[in-house]
Structure formats: C-alpha cells, structure tokens
Amino acid sequence: MASCLETISVPHLPSLPVHVALYRDVQNAAFLKGQLLAGNSEFEYALIDASMLLSRAHATAAVFRAVNDYMHNRLKSRNVHSEIVFSFNSTNNIAESFRRFGIADSTKDLLVVKVSVSPEITHESVAAHLCATVQGTSVPFDDQTLAEVHDVNKIKRVYKLGALPSPPKATDLSNGTNDELRQRLENALLAAIALRGS
Amino acid sequence: MEDYKPPDLPSPFNNTTPPPTLLTQGAEAHLYKTTSLNPSNPAALKIRPSKPYRHPILDRRLTRQRILQEARCLAKLVREGVSVPALLALDWEGHGGEEGGWGGAWLMMEWIEGDVVRVVLEKWEAWMKNNQASLDESQIEREEAQVRGLLKKMGAAIGALHKAGVVHGDLTTSNLMLRPFAGADGAGAESVSTEGDVVLIDFGLASQSAQDEDRAVDLYVLERAIGSTHPRSEPLFDELLLGYRESYKGAPSALKRLEDVRMRGRKRSMLG
C-alpha cells in the first residue's frame with residue numbers, strides 16, 4: 001500500500017522534523033485509541049479527528065505551539081504528542097481537548113502526527129509502523145482533502161465562533177468571497193490556539 | 001558606522017534559516033521579517049526583548065502584559081473582520097540568550113504587502129510638487145479626488161476598529177498600510193496609486209474601549225500627525241472624518257467629542 005506520509009520541516013524548527021499522514025475510512029480507530037489509552041509507547045502519536053481540522057495551517061499552528069512548549073519544557077500534558085492534541089483546544093482542559101480533537105472509536109478520518117524527538121524516529125520507521133497498524137486509505141494532507149472531511153459548524157462551535165459567517169461547503173471553493181470567509185475563520189482559529197492559557 | 005547588535009533572537013528563531021531580518025526597532029520592540037509556518041509565506045515577527053535594567057520579575061510581568069494586550073486586541077479584530085494582520089503564533093515567555101533563560105516575548109503576524117500610508121502620501125505630495133506647473137485644474141482635481149478616496153478608506157477602517165470596541169492608542173500614518181489588491185500592477189502611469197485595502201498595524205498601545213473620549217483621542221492624534229507631516233493632505237482630513245462618520249452607529253458622538261478634544265488637546269483635564 002502506498003503511504004502518503006509527509007515529513008514537514010517547519011521553518012524555525014529545523015532539528016525536529018514532523019511526520020504527518022492523513023487517512024480516510026479508518027477501520028480500526030477503536031484499536032488505535034486503545035493502544036493510546038494503554039500507554040503503549042509504540043503508539044505514541046498525536047491522533048486527531050480530521051473532521052475538526054479546518055486546514056493545514058490550522059494543524060501546523062497547533063503542532064508548532066506544542067513543539068515550542070516542548071522545547072522549553074513547558075508541557076502541560078504527558079508528552080509532545082498529547083500536547084499537540086491539547087494545543088488545538090482553546091481552553092486549558094486536557095480531557096476536553098481529547099474529547100473534542102482526539103481520536104474516538106467512531107473516527108473515520110484521521111490525522112496522525114509524529115515529531116522526531118529522538119534520532120530513531122525517521123520517515124521510514126514511522127511510515128513502516130503506520131502502514132502496518134492503521135487500516136485506512138492514505139490520502140494527501142492538503143486543504144482540499146480536509147475540506148471534504150471537516151465539519152465547519154462543529155469547528156466553529158468548539159472554538160465559540162458561532163457569530164462568524166460560515167464559509168460555504170467544499171463544493172464551491174472557487175469563489176473569491178468564500179475564500180475570504182474561510183481565511184477569516186482560519187485566522188480566528190490560529191489566534192485562539194496562540195492565546196490559549198494566557 | 002555605528003556597530004549596533006540587536007539582542008539575540010529568542011528560541012526557536014535563533015535556528016531559523018534564513019535568519020529573520022531586522023526591519024525596525026522601537027523603544028519596546030524589534031520588528032523582523034521571517035517566514036510563517038508555511039515556508040512560502042512571509043511573516044512579521046515582533047519581539048519584545050527582556051530589559052536587563054529592570055527587575056526580572058517586573059520585567060516579565062510588564063512584557064507579558066503588554067504582548068498579551070496586543071495579541072488579544074489583534075485576535076478580537078480578526079474575529080470581527082477588521083482589516084488587521086492575523087495573529088499566527090505567540091509566546092509571552094520566550095526563551096533566549098545562551099543560557100536559555102528568559103529572553104523576552106514574541107508575536108508572529110501575517111505579513112502585509114504594500115507601503116505605509118505615510119510613504120504613499122509623501123510620494124504623492126512630492127509628485128504634486130514636481131508636476132504642479134504642468135497640471136491643469138481638472139488634473140489637480142482628479143489627483144485630489146484620488147487622495148480623498150484614500151482618506152475616506154482610512155476613516156472607514158478606523159471606524160471598523162472602533163466599532164469592534166478597540167482603540168489603537170497610537171494612530172499615525174505610519175501605522176496604517178495600503179495593501180495593493182492582489183495581482184495589481186504597481187507601476188501606474190498616474191502619480192501614485194491609492195488602490196488597495198487600508199490595513200491597521202502596530203497594536204502595541206491598543207486597548208479595548210468603547211468610550212467616545214478614547215475614540216476621539218485616536219482621531220485627534222491622527223489629525224495632528226497628518227497636519228504636521230503631510231501639509232498638502234491636511235485640508236482633505238474632513239474626508240477621513242466623513243468616511244468615519246458613515247462607518248458605524250456610534251461615530252457621530254465620537255466626532256462630537258473630537259471637537260472638545262481639539263479645544264483642549266489629547267490629555268484629559270486633571271481630575272481629583
């Protein structure tokens with residue numbers, strides 16, 4: 001099976017490459033969640049329900065926030081991967097952040113994030129492990145795919161941005177004003193992530 | 001040449017390639033250009049370095065307070081759809097220096113293309129001065145109409161800001177930018193292009209307020225700034241107030257207050 005594991009080198013974080021893979025139609029979410037809850041260190045990933053992701057920029061903002069806090073020993077949760085899930089949240093409640101953004105038994109669309117915090121974690125090792133354990137269709141991690149998967153109303157509710165006008169569905173992405181509304185919502189999410197805990 | 005070395009960048013920006021470039025420096029902050037989390041997009045990085053002459057606890061508290069004030073104002077304005085740079089990332093207790101200790105706070109913002117309005121007006125005034133002799137009346141009128149249009153847009157942008165419940169605190173023509181429309185060709189045959197969106201920047205002194213007094217002081221400060229730096233544009237300031245008046249419901253009462261402020265200056269009379 002061809003894997004679409006992507007390795008992002010975030011500017012400002014050259015020493016910590018970030019591996020991401022987006023899956024659709026995941027069959028074994030309950031198993032993956034079980035491994036996470038059991039604390040199996042082989043399954044130390046950030047497993048995010050992709051229906052909560054507005055865009056790539058939304059996801060990278062949370063990853064950056066978590067990795068920056070990791071680098072400066074300010075983690076509020078167990079490790080950098082749980083911190084990524086927590087970083088998506090706009091409030092300081094860790095359990096809540098996992099309920100909202102983390103993998104659930106019913107999750108079909110899943111974003112997997114792994115930070116190379118030790119030299120053994122490489123693109124190859126992560127790709128091989130994910131290939132063997134995640135039962136789903138690997139798809140490119142881009143705004144277009146996310147637009148097919150996400151639930152804008154749910155995202156707005158969780159970030160308490162109900163007053164913002166909704167960008168329209170993925171079907172008509174071409175229109176200019178739609179782009180503007182999407183950008184405004186995205187910017188509001190980035191600000192919420194940046195300001196958490198202030 | 002003066003051999004000024006700005007303070008070390010806070011982590012993680014000391015590892016950024018290419019390194020952020022210093023654009024300007026104020027008393028409180030340094031402004032750098034760098035890339036956002038997506039390497040193909042530029043970003044502005046505002047750093048408030050630690051001030052070693054202050055007591056460390058006080059220093060942290062003040063820096064944190066001020067950067068958060070700015071970030072919260074930006075976040076609010078983004079939500080309200082006011083045209084300001086987006087807040088991309090933030091660290092109110094940044095780490096810097098060799099020993100990895102407290103190094104100041106930083107704030108990453110969307111990069112805004114274009115010139116500040118001060119430069120636009122300066123270019124226009126210089127152009128008018130050079131070409132005055134060769135222009136007939138209708139051309140001069142057209143030029144002035146163009147700048148009137150710009151001032152009106154500025155008024156509308158400030159109105160949107162005040163409507164959202166934020167006052168800028170330091171409105172000058174250097175804190176307003178004219179972002180050309182995407183894909184617009186900068187080299188026009190006319191004097192200076194005033195096409196584009198007016199974007200408000202630098203919320204370092206901004207605060208959340210809905211009082212007529214604070215709003216009027218914002219307008220007054222800008223009026224004085226334009227009067228002293230752009231004499232030719234000053235007579236057109238009324239156009240800005242017109243754009244402001246039409247922009248939200250509370251505008252007329254703020255403008256009424258502006259008349260009082262003009263009589264006495266920016267500082268409120270001493271009470272108690």
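The values are calculated or read from the model by the stated rules, or taken from the named source; none is laboratory data. Since the structure is predicted, the reported quantities are computational estimates derived from the model, not experimental observations. Neighbour counts run over all protein chains shown; Cβ positions are idealised from the backbone, glycine included.
From the list A:Ala66, A:Ala21, A:Ala62, exactly one residue is in a strand (DSSP E or B), under 24 Å from A:Ser118 (Cβ atoms), modelled with pLDDT of 95 or more and not aromatic (Phe, Trp, Tyr). Which is it?
A:Ala21
Out of A:Ala104, A:Ala127, which single residue is surrounded by fewer than 20 Cβ atoms within 10 Å (Cβ to Cβ), of a type in the set (Gly, Ala, Ser) and more than 16 Å from the chain's Cα centre (by Cα)?
So the residue among A:Ala104, A:Ala127 that is surrounded by fewer than 20 Cβ atoms within 10 Å (Cβ to Cβ), of a type in the set (Gly, Ala, Ser) and more than 16 Å from the chain's Cα centre (by Cα) is A:Ala127.
Does any residue of the range B:74-82 turn out to be in contact with an Asp or Glu (Cβ under 6 Å, 6 or more places away or on another chain) and within 9 Å of another protein chain (Cβ to nearest Cβ)?
Looking for residues that are in contact with an Asp or Glu (Cβ under 6 Å, 6 or more places away or on another chain) and within 9 Å of another protein chain (Cβ to nearest Cβ), one finds none in the range B:74-82, hence no.
Are any of the residues in the range A:7-17 of a type outside the set (Val, Ile, Thr), surrounded by fewer than 22 Cβ atoms within 10 Å (Cβ to Cβ), under 14 Å from the mean Cα position of the chain (by Cα) and closer than 18 Å to B:Leu37 by Cα?
Within the range A:7-17, not a single residue is of a type outside the set (Val, Ile, Thr), surrounded by fewer than 22 Cβ atoms within 10 Å (Cβ to Cβ), under 14 Å from the mean Cα position of the chain (by Cα) and closer than 18 Å to B:Leu37 by Cα.
Which of the residues belonging to the range B:1-11 are more than 12 Å from B:Leu45 (Cα to Cα) and assigned to a loop (DSSP other than H, G, I, E, B)?
Result: B:Met1, B:Glu2, B:Asp3, B:Tyr4, B:Lys5, B:Pro6, B:Pro7, B:Asp8.
Can you spot a residue in the range A:172-183 that is away from chain B (no Cβ under 14 Å) and either of a type in the set (Gly, Ala, Ser) or touching a residue at least 12 places away in the same chain (Cβ under 8 Å) (or both)?
Among the residues of the range A:172-183, at least one is away from chain B (no Cβ under 14 Å) and either of a type in the set (Gly, Ala, Ser) or touching a residue at least 12 places away in the same chain (Cβ under 8 Å) (or both), which makes the answer yes.
Counting only residues that are in a strand (DSSP E or B) and either outside the structural domain of B:Ala27 (by the TED database) or free of Cβ contacts under 8 Å to residues at least 12 places away in the same chain (or both), how many does the range B:47-101 have?
The total comes to 1.
Consider the range B:21-40. How many of its residues are facing chain A (nearest Cβ under 9 Å) and either out of contact with any Pro (no Cβ under 6 Å at 6 or more places or on another chain) or of a type in the set (A, V, I, L, M, F, W, C) (or both)?
Adding up the residues that qualify gives 3.
Quick check on my filter: what residues within the range A:20-41 are surrounded by 21 or more Cβ atoms within 10 Å (Cβ to Cβ) and closer than 16 Å to A:Asp142 by Cβ?
A:Val20, A:Ala21, A:Leu22, A:Tyr23
Within the group A:Leu130, A:Leu181, A:Leu164, which residue is part of a loop (DSSP other than H, G, I, E, B) and more than 30 Å from B:His95 (Cβ to Cβ)?
Residue meeting the stated conditions: A:Leu164.
Just give me the residues in the range B:92-103 being in contact with an Asp or Glu (Cβ under 9 Å, 6 or more places away or on another chain) and not aromatic (Phe, Trp, Tyr), in sequence order.
Matches in the range B:92-103: B:Gly96, B:Gly97, B:Glu98, B:Gly103.
Are any residues in the range A:27-80 away from chain B (no Cβ under 14 Å) and on the phi > 0 side of the Ramachandran plot, and if so, which ones?
Hit for the range A:27-80 is A:Gly39, nothing else.
Would you mind stating whether A:Ser97 is assigned to a loop (DSSP other than H, G, I, E, B) and out of contact with any Cys (no Cβ under 6 Å at 6 or more places or on another chain)?
Criteria not met by A:Ser97.
Considering (1) in a strand (DSSP E or B); (2) surrounded by 20 or more Cβ atoms within 10 Å (Cβ to Cβ), say which one B:Leu23 fails and leave the rest.
It is condition (2) that B:Leu23 fails.
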